[in-house]
Each structure stands twice: as C-alpha cells, then as structure tokens.
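The structure under discussion appears below in the form of structure tokens.
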There are 2 protein chains.
Amino acid sequence: MNIAKALAELETLLGQRLTRSKPDLEQHGGSETHFPLAPPDAVAYPETKDEVARILSICAAHGCPVIGWGAGTSLEGQAQAFSGGVCVDFRLMNRVLHVNSDDMDVVVQPGVTREDLNTQLRATGLFFPVDPGANATLGGMAATRASGTTAVRYGTMRDNVLALEVVLSDGRIIRTGTRARKTSAGYDLTALFVGSEGTLGLITELTLRLRGQPEAVTAAVCAFDQIGDAVQTVIETIQMGIGMARIEFVDAATAAAFNAYKGSDLPECPHLMVEFHGSESGVREQAETFGEIAAEHGARGFEWAERPEARTALWTMRHHAHWAILASRPGERAVVTDICVPISRLAEAVEATRADIAASPISGPILGHVGDGNFHCILLFDESDLVQVDAAKTLAARMVERALDMGGTATGEHGIGIGKLDYMQAEHGAAWSVMSALKSALDPAGIMNPGKMVPAPADAIEAGSLPAK
Amino acid sequence: MNIAKALAELETLLGQRLTRSKPDLEQHGGSETHFPLAPPDAVAYPETKDEVARILSICAAHGCPVIGWGAGTSLEGQAQAFSGGVCVDFRLMNRVLHVNSDDMDVVVQPGVTREDLNTQLRATGLFFPVDPGANATLGGMAATRASGTTAVRYGTMRDNVLALEVVLSDGRIIRTGTRARKTSAGYDLTALFVGSEGTLGLITELTLRLRGQPEAVTAAVCAFDQIGDAVQTVIETIQMGIGMARIEFVDAATAAAFNAYKGSDLPECPHLMVEFHGSESGVREQAETFGEIAAEHGARGFEWAERPEARTALWTMRHHAHWAILASRPGERAVVTDICVPISRLAEAVEATRADIAASPISGPILGHVGDGNFHCILLFDESDLVQVDAAKTLAARMVERALDMGGTATGEHGIGIGKLDYMQAEHGAAWSVMSALKSALDPAGIMNPGKMVPAPADAIEAGSLPAK
C-alpha cells in the first residue's frame, strides 16, 4: 500500500479537483451519528465515469483505499475513511441525463439528490418515490439500499433501480440490468451492487423507475392513548390490504420533541401519520376504511391534510424528527437503532423496546416506518457518562437480538457501515462468509471501502470462509 | 472428475432413492423445447436439506456435476445434463412448512408446485401470485426467476422471494434474507440466488410473500383489427397508471390455434386479455377506464368474465397457448423467443417481428405479457428442412438484437439455460465476466449445473475475466 504515490498520480489526473485541505478532509470524515472523525487522505471530485475509472486504476495499482461519498447523510459511518485513502465525492456528477416519460424511467448521475430529481421531474407528471427523509444523493441511496416513509407502497431502492453503471476495483466499467421492466438474463448484478455500500465498486450512473403523480392524495395524523393501539391499527390495516402510501408511527416522546423544536401543539402521546395515493374515489375509500380501523382502536383527534401545504407541513415535521429529538437533549449523542420485524411481531417488539428503555438510565424516543415493520429508537446518551454509554450499547444490541429472534433484521434501511457490523455474524451465520467470498472475487486487493460489510481478512480466515493466502 | 465413485457413495447414502433406470434418466434429460436429449448419469431424490448437503459434499469430492430438477417445465434446457452427473429431483421435498397468515408469508420446500401451494392456501384468503402458466415447482421458479401473466401487478420471483435456504457447492447450508419486509443488512444474496439456475447452489427452502385474495376480480377479452391498436391500448393503459393484474396479447395466429385446439370461436384476429383486482368500486373504475382506452383504439367484441368459471376458462385458454400452437403444426419443433423491451418500444418491436416472420419461410404466432413489454414468438419449423431451421435461428437472433438495441433484454422470464447463452456477451459485455468471477467464487470446482450461465472456463480465460489456473 502506497497512498502517497497514488495521491501524486491522482493530483496529476485531477489537478485542483483533488483536495487535501483540512476542512475538506474533516467534512468527509464525519458522520451524522456517534462515530469518531475518520478523515480520508484526500478528496477527489471526478466529472466523468472515465475519471472514476482512472481513479480506481491508480488506487488499485498502489493499494490505496477508495470510499464513495454522496451527501454524507448515512447513519452508520458507511463513508468514513477508517483506513484513510481517497474519498470520491460525486457532487460534480449531478446531471439528470434522460427522462423517459413514456417508459416512466430516468437515467441520472450518482450525485443527483432525490429532491433535485423530483424538482426536475415536476413538469412530467412523474416522480421518484423513495424518500429516506434526508436529501441524499441517488448514488448514495442505491449504495445503501435506502428506503423510508414510502417503501410500504413503492418499495425500497432494491425495487426502484432498473440498471446501473459501475466502476469495478480494477477500473473496468460495467453495466448491469436494462431498461426492460423484468429480465431473467443471468445473475442479478443490479441487486448485488444495490446495498453493497461501496465495497464492490462505485456507481457512476443509475436508471431508476418513476411513478405517475397520483390523481389524488390525502394524509392524516391521529392520536392514540397507547402504543399498542396505534401499532395494532397498522397491523390490521396492512392485513386488510389497504394500499397506504405512507404509515408512520411516533411515540409520545417524539411528539414532545416536535413541539419543542417546531412550536407545534401535538398532544404528547403516540401518533400515526398516514397518506393515501390513488384516484379520488380510491383515496376516499381507503381513508374511510383506515379511519374505521383506527377508531376501533381508540384513535382520536384525526386531522386530515387535504391541501398540499398541510401535507408538506406534516411530512416535514416527520422528516425533522431526528433533529428534533437530538435538539431535545443538547450536547448528548445518539445511537439510532433500525430493526425490522415481521408485521405480526411489531406490537410486541415496540412494547418490549419501550419497557427496556424505561428500565434503563437513558431516553430513547421511538418512531418508524411501521407499515414495513421497521422502527427506530434514538438512544440519547451523555458521552462522558460511561453508565449511559454502556446502556445505549446494551439496549441497541438487545433490540437486534430480539429482532433476529422474531425472524427480522438488524437494519431495515440504514445499512451496515461500522455501526451494525458486529451483528452480521448473528444475522447471517455462514452466509456472511459467502459475502466475503463475493467481495474477494470483485475486489481481491480489498481497496473498496475497506473495513466495512465483510469480516476483516484475518477474521475471515479464522472463520474458514476464505482460503489462506 | 470421477462420476462412478460419486454414484457409488450416493447409492450408499440414498439407497433406492438414487436411480439409474433408463426411463428415469431420459425423463430428466429432456426438455419442453427443441434441445436434444441430455440425460444425467443418475437421479437423486433427497428428502431433507441434510441429504442435499451430503449429496453436494460427495459430488464436490469427486468433481461430479449436479443439476437441480423441479417439474421439468423450463424452456431453455436449464436442467439438462449436458456434462452428465447427478440430477437432484426435489419431488420428495414437497411440503408447505409454515403459513404465516398474519405476515402474509409462507415457508415451503422447493418441490411444492405453485398450484399445490395455492390449493393449500385456499382457506386462508391468501394466494401466491406468480403464475408462469406451467405448474412449475417453487424451487424451479425461484431458480429461473420466473414470472408470467401476473408480473405486471405482483412482480416476478425476484419480488416475491423473501428468504432462501441454499446448499452451496461444498455442502455448506446457508440462509439468505429474513421474514422482514425489507433489510439493508449486507449483500442481497437472495436476489443473487434467484435466477441463478442452479449454477451457484441448490435451493432447499423458500420463504415467499403472499397476497390477499382481492375483494373483486373481473376479466375481459377484446378483439382488435390490428396488432398496433392492441399494443397501443396496453401502452396507454400502463401510462395512465391503471393497475392491471394481467394484460396479455395474442395475435391472430394464436387465436386460430386456440380455436383448433379447444373448439372455441374466437375471432381470428389480435386480442387482449385483461384482469383487474381490487375493491368492487376500484375494479369497476379500472375496467371502465380500460374499456374507454381500448374503444378509442377500435376494440370490439368485449367479453367480460365476471364469474370465476368464466375467468378460469379464459386463463386456461391463455395457459394452453403454447400447446395449442405446437398442436397446430404436428411434428414440427419450436424455438420460443422471450424478449422484453421498454414499453414505449413495444409496438415497434412486435410489428417488426411480425414483418420479419412474414418475410421468412416459417410461421411464428406472437403472444405475450405485454404489460411488462415482454412477448414471445413461437417459431415453428420442420427439423428436417435446413432452410427452416436456419430461418428460426436467424429470426430468434434478430429479435434479441432488436431488443438489445431498444434497451431491452434477451429474456424476460424464460432464463438462459443453453438456449440464450449465446446472447449473454452481447447483453452484458464486461458484466458477463463479473458473473464468471462470482460463479468461480461460490463454485470453484465448477460442479453446479456446468456449461450454463457463464462462459466455459477456457472462453473466460481468453476474455481475460478469470485468472488462468
């Protein structure tokens, strides 16, 4: 490994588009959550796929680590440079290349953000539905298999990426998938790269599915006395086959944090926030059925948001929940949990989590994309208090253990990074070593986002999954 | 490679559940289409995953090829034993293990057929939606990434397999995925094995998504004067966002074949067959909008099938199309094409295909899952007439070339087998060598369904994709 030589060659290639300024390095070494700063040795700003290919060829020749960077909104330290190396920031590759309205798809560069894309699509009557809250880049969203509030209806990035252009660790450029809506032509490489967190290659172009703007949209927020009532409403609505576009849960602590952060006046109790998309009559029918189920479970204070501005206010509030909760405890840090369980176990999982938190010395508002069985707990702790630090870690581990016991997953949408790496063995067992074998096949030198996703080579050899070299 | 030694050990393991009778070998060496008989050396009938693991360990030790077998309904020679070896027939692993009604999922063994599953689900109000026509096994459907008439609404096997248990080439048993509806926990191994056609491992258990039986269903068949009018109706209906559960096209030659095969009295012209699922009012609304679009394009003779028996008759007719067409030319063989194109190019693709066939010396009825942009042409030829054989091959290649030019795929749902292997390089370019690298990583000895999916090792070395050994 010779990072210095790689940087010298990269400087020749990119000129001022390779930076080593301290603020730039620190900005690309931080994260939105609790991980320590881990800056790269340099940040590259390529403008074309061919430049990305050259960057990877140079880094491969010198064994220099390469980490992709979108908007820096990942929550598990996915893009932090724990082994140094070059951070490839895609902000200059931010063009929407082709909108195919008739086929309802779009070709974009990886640095386009989801909000930019939807702004550019506005006149077409189409939109890109995946909405993780943060204004992430589409390259980053694909790399982390992001989802968010609308996955219950429109799916995750897994379901909305049709094709990719990817630069491999040796600088080769490949294309995966086609613009056809389905294919049986070989291994599903698109699905392999979606969610691979930059450990198998760098995405330089994406073909995404679009949806038609619904004819009618309506949204509502309603309050419940008990968490269990709210969650049971969700379960029954899902089981009735009501096609919700979003169904979000927030607990009393989250409602209180909203009120403090935004000056709103939500009752400080559990809430559901729901949205329906469809024809005028379809939306009315769905909303009525949902209202009946919710009322049976004691819902009150229904507020319907028919106008676009009211809906924007509702979902902005939801999207600011993370920040509202952090602001509720100034100076504290957060561990954000992300388990996802089969829907029948959701009430039990949420209640047990709440009981665990109540019995701990820290606070942890609960909120989530409950239509998918996915919820988050934002565990707040004082970094200088080791009892609190330990409590946060223990609670997070306990939640994952429970999710796996219930047939669920350690992470519904935030991904692995380094924050969930310790749970991979428990979740995947021997399949984790299969991931190692795939990683070794596509990145034999281990330069792509090293230290992430798969066991470190020494561990892998111990586990018998990789041949000793 | 020592197949004889492997068979001796397998006989000890399986007793009479390893057969070498000629009829059994021939039955497992044939196919539904035009490939020559290629029987295995033996057929194994395991009863448990542990037996499958033992079979693979034995075959790995002796370099003996292993080919999975479901119902033998694949169309591209996927399960034929061109290198001999052991065919693993899953017919004794045919149990539905757990129906999780509340979570709308089910755990099955690979030998369960889709019709058996739906029969067993009848009392639950749930169903498994993927319907390739043939009564295939669910293991085979996953292995070939099957889809069929309902994919336009419910997706393909890619979208409906939540988790798998797989035995790898060295006998290790792994589990991929969970029962949660989404996950970001690592590489999407489930998607990698779905569609891998037995070249990476053998599927021994599947967790599948189920759907609620729709409250209301209605179906219709309507006639058009011109292919272009029918296809344009489909395109506009898709673009309007009408949620069709099925939308199938058959041309005049297919209608004529139905009439001859079943004694029906369809007008001998192009038809669309369509089905809607939803609430009573939703179905009515969708059907009305479809009817308006179809009428604008000159549709006539609308026949609505409201009663279940009428719908069963309609879809049985569609599912028998393949046999009806074969029966229309007794003694002739068939090449079945399977291209899938972006929907905006569908009319052009169908018309150009029809023109090519009209200018050729053979016949080729056209039919397909046009809501996905996927259509088939059943090219019929007299095997003893070399001009006809050549015409069939040329037409099939021309269709693929056109599909790729249009941004589509060589196979929407039938898979690669050996029938589409020659198109992999054109469709995937350098990505095909990535598939080789993945195959080598998981099956280094090359015993899993050899000769399929990836270039033969010698070709791969020439193409620079695999290190020389």
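The values are calculated or read from the model by the stated rules, or taken from the named source; none is laboratory data. In this text, all values refer to a predicted model and were calculated from it rather than measured experimentally. Using ideal geometry, Cβ is built from the backbone for each residue, glycine included, and neighbour counts are taken over all protein chains shown.
Please indicate, with yes or no, whether at least one residue in region B:180-190 is more than 7 Å from every other protein chain (Cβ to nearest Cβ), surrounded by fewer than 24 Cβ atoms within 10 Å (Cβ to Cβ) and under 20 Å from B:TRP69 (Cα atoms).
Applying the first criterion (more than 7 Å from every other protein chain (Cβ to nearest Cβ)) to region B:180-190 yields B:190.
Filter again for surrounded by fewer than 24 Cβ atoms within 10 Å (Cβ to Cβ), leaving none.
No, region B:180-190 has no match at all.
Inside region A:132-163, residues that are farther than 21 Å from A:THR190 by Cβ and touching a Gly at 6+ places or on another chain (Cβ under 6 Å) make up a count of 2. Taken together, the criteria place B:ALA6 among residues that are buried (at least 19 other Cβ atoms within 10 Å of the Cβ), hydrophobic (A, V, I, L, M, F, W, C), over 23 Å from B:PRO110 (Cα atoms) and modelled with pLDDT of 95 or more.
Regarding region B:320-330, can at least one residue be identified that is within 18 Å of B:GLU413 (Cα to Cα), of a type outside the set (Ser, Thr, Tyr), in contact with an Asp or Glu (Cβ under 7 Å, 6 or more places away or on another chain) and in the same structural domain as B:LYS393 (by TED's automatic domain parsing)? Looking for residues that are within 18 Å of B:GLU413 (Cα to Cα), of a type outside the set (Ser, Thr, Tyr), in contact with an Asp or Glu (Cβ under 7 Å, 6 or more places away or on another chain) and in the same structural domain as B:LYS393 (by TED's automatic domain parsing), one finds none in region B:320-330, hence no. Might you check whether a residue that is of a type outside the set (D, E, K, R) and in contact with a Cys (Cβ under 6 Å, 6 or more places away or on another chain) occurs anywhere in region B:375-392? There is no residue in region B:375-392 that is of a type outside the set (D, E, K, R) and in contact with a Cys (Cβ under 6 Å, 6 or more places away or on another chain).
From A:PRO361, A:PRO330, which residue is surrounded by fewer than 17 Cβ atoms within 10 Å (Cβ to Cβ), more than 11 Å from every other protein chain (Cβ to nearest Cβ), in contact (Cβ under 8 Å) with a residue 24 or more places away in the chain and outside any helix (DSSP H, G or I)? Break it down into steps so the answer makes sense when it comes.
Working: A:PRO330 fails: in contact (Cβ under 8 Å) with a residue 24 or more places away in the chain.
Sole residue among the options that is surrounded by fewer than 17 Cβ atoms within 10 Å (Cβ to Cβ), more than 11 Å from every other protein chain (Cβ to nearest Cβ), in contact (Cβ under 8 Å) with a residue 24 or more places away in the chain and outside any helix (DSSP H, G or I): A:PRO361.
Could you tell me whether A:ALA260 is in contact with an Asp or Glu (Cβ under 7 Å, 6 or more places away or on another chain), modelled with pLDDT under 95 and not assigned by TED's automatic domain parsing to the domain that holds A:VAL130? No. Would you pick out the residues in region B:285-327 that are in a helix (DSSP H, G or I) and among the basic types (Lys, Arg)? Those that are in a helix (DSSP H, G or I) and among the basic types (Lys, Arg): B:ARG311, B:ARG318. The residues in region B:96-153 that are among the aliphatic types (A, V, I, L, M), in a helix (DSSP H, G or I) and more than 14 Å from chain A (Cβ to nearest Cβ) can be counted, and the count is 4. Of all the criteria given as (1) modelled with pLDDT of 95 or more; (2) outside any helix (DSSP H, G or I), the one not satisfied by B:HIS34 is (1). Only residues that are modelled with pLDDT of 95 or more and under 26 Å from B:VAL152 (Cβ atoms) were counted in region B:413-423, giving 7.
Is it fair to say A:ALA349 is under 26 Å from A:VAL130 (Cα atoms) and either within 14 Å of another protein chain (Cβ to nearest Cβ) or surrounded by 18 or more Cβ atoms within 10 Å (Cβ to Cβ) (or both)?
On the way: under 26 Å from A:VAL130 (Cα atoms): yes; either within 14 Å of another protein chain (Cβ to nearest Cβ) or surrounded by 18 or more Cβ atoms within 10 Å (Cβ to Cβ) (or both): yes.
Yes, satisfied.
A count restricted to region B:401-446 and to residues that are outside any loop (DSSP other than H, G, I, E, B), facing chain A (nearest Cβ under 9 Å), under 18 Å from A:ARG179 (Cα atoms) and within 21 Å of the chain's Cα centre (by Cα) stands at 9.
Across region B:375-402, which residue is surrounded by the most Cβ atoms within 10 Å (Cβ to Cβ) among those that are closer than 16 Å to B:VAL231 by Cβ and without any contact (Cβ under 8 Å) to a residue 60 or more places away in the chain?
Restricting attention to region B:375-402, the residues satisfying the condition of being closer than 16 Å to B:VAL231 by Cβ are B:375-377, B:399, B:402.
Right, trim to without any contact (Cβ under 8 Å) to a residue 60 or more places away in the chain and you get B:376-377.
Numbers: B:HIS376: 25, B:CYS377: 27.
Here the answer is B:CYS377.
Within region B:191-240, take every residue that is among the acidic types (Asp, Glu) and within 12 Å of chain A (Cβ to nearest Cβ) and give me the one that is nearest to B:VAL161 (Cα to Cα).
So the first thing to find is which residues in region B:191-240 are among the acidic types (Asp, Glu), and the list is B:197, B:205, B:215, B:225, B:229, B:236.
Still in the list and also within 12 Å of chain A (Cβ to nearest Cβ): B:197, B:215, B:236.
Working: B:GLU197: 15, B:GLU215: 24, B:GLU236: 30 Å.
The selected residue is B:GLU197.
Quick check, is A:VAL166 surrounded by 23 or more Cβ atoms within 10 Å (Cβ to Cβ), β-branched (Val, Ile, Thr) and either facing another protein chain (nearest Cβ under 7 Å) or farther than 22 Å from A:ALA445 by Cβ (or both)? No: the conditions fail for A:VAL166.
Against the list (1) modelled with pLDDT under 95; (2) buried (at least 24 other Cβ atoms within 10 Å of the Cβ), the condition A:GLY125 fails is (2).
Yes/no matrix, rows are residues, columns are (1) farther than 16 Å from A:GLY282 by Cα; (2) without any contact (Cβ under 8 Å) to a residue 12 or more places away in the chain:
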{"residue": "B:VAL234", "(1), (2)": "yes, no"}
{"residue": "B:ILE242", "(1), (2)": "no, no"}
{"residue": "B:ALA252", "(1), (2)": "yes, no"}
{"residue": "B:LYS262", "(1), (2)": "yes, no"}
{"residue": "B:MET273", "(1), (2)": "yes, no"}
{"residue": "B:GLU285", "(1), (2)": "no, yes"}
{"residue": "B:GLU288", "(1), (2)": "no, yes"}
{"residue": "B:ILE293", "(1), (2)": "yes, no"}
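The number of residues in region A:182-216 being in a strand (DSSP E or B), modelled with pLDDT of 95 or more and aliphatic (A, V, I, L, M) comes to 4.
For region A:8-28, a residue qualifies if it is touching a helix residue (DSSP H, G or I) at 6+ places or on another chain (Cβ under 9 Å) and either outside any helix (DSSP H, G or I) or under 13 Å from A:VAL86 (Cα atoms) (or both), and the qualifying residues are A:GLU9, A:LEU10, A:LEU14, A:ARG17, A:LEU18, A:THR19, A:ARG20. Looking only at residues in region A:246-284 that are assigned to a strand (DSSP E or B) and more than 30 Å from A:SER363 (Cα to Cα), which one is nearest to the other protein chains (Cβ to nearest Cβ)? Among those residues, the one meeting the criterion is A:GLY278.
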